[in-house]
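To keep things clear, I will list the structure first and then write my remarks on it.
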Amino acid sequence: MTFTWNQNISVADETLDEQHKNLLKQIEALHKAQQAQQAGMGDKAVLETLEFLDDYILTHLLYEESYMWKHKFPDFYAHREIHSGFVRQYNAFKKKFAKNHSKNITRDIYLFLGEWWIGHISVEDDEYQEYITAHPHSHPKNEIKNFHTSVQEYIVLSRVNRG
Ligand SMILES: [Fe+2]
Ligand SMILES: [Fe+2]
């Protein structure tokens, strides 16, 4: 199984599409790293890939949330809640991995990430894409500063999984 980006899951924004492509690429890198781990080559590549993903996921979620806010996407809060739910689930996997760097847990993380991101990009991200394509207005600059993001919450959560 591979999780790859294709034009059908474009969200009509170059930066966000680029981020989604990179995310899926890194998820596939985790698969390669898992196969190396399975072949007895150690877990260094797995650790490096997970570390990269932790930062990249956080960057993406925050960027996307500010993008939806800027474009007055009406389901902004519901979408952000879905992101938080993902972070909680991901952290639960990472906690298991911290206790035991097993190749089976690495595989579970890979499958969880691939399925979650493909599903999320093609369903929920597609919803803001449709709205923004139909309503291409954006907040005046002075309203952007009222954007209350869950940055703090995400940072606390991502620290948990680094032990
Ligand atoms: Fe996204
Ligand atoms: Fe999203």
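Observations on the model:
- From the options Ser84, Ser122, residue that is of a type in the set (Ser, Thr, Tyr), at pLDDT below 95, surrounded by 13 or more Cβ atoms within 10 Å (Cβ to Cβ) and within 16 Å of ligand 1 (Cβ to nearest atom): Ser84
- Listed by first and then second residue, the pairs with beta-carbon distance under 9 Å, at least 6 apart or on different chains, first residue in region 1-14 and within 20 Å of Pro136 (Cα to Cα), second in a loop (DSSP other than H, G, I, E, B) and among the small types (Gly, Ala, Ser), form an empty list.
- Residue pairs whose Cβ atoms lie under 6 Å apart, separated by 6 or more positions or on different chains, with the first residue in region 38-50 and within 16 Å of Asn104 (Cβ to Cβ) and the second among the aliphatic types (A, V, I, L, M), are Val46/Ala33.
- Taken over region 1-26, the residue count meeting the criterion of being of a type outside the set (D, E, K, R) and within 15 Å of ligand 2 (Cβ to nearest atom) is 12.
The values are calculated or read from the model by the stated rules, or taken from the named source; none is laboratory data. What you are looking at is a predicted structure, and each value in this text was computed from that prediction instead of being measured. As a convention, Cβ positions derive from the backbone with ideal geometry for all residues, glycine included, and neighbour counts pool all protein chains shown.
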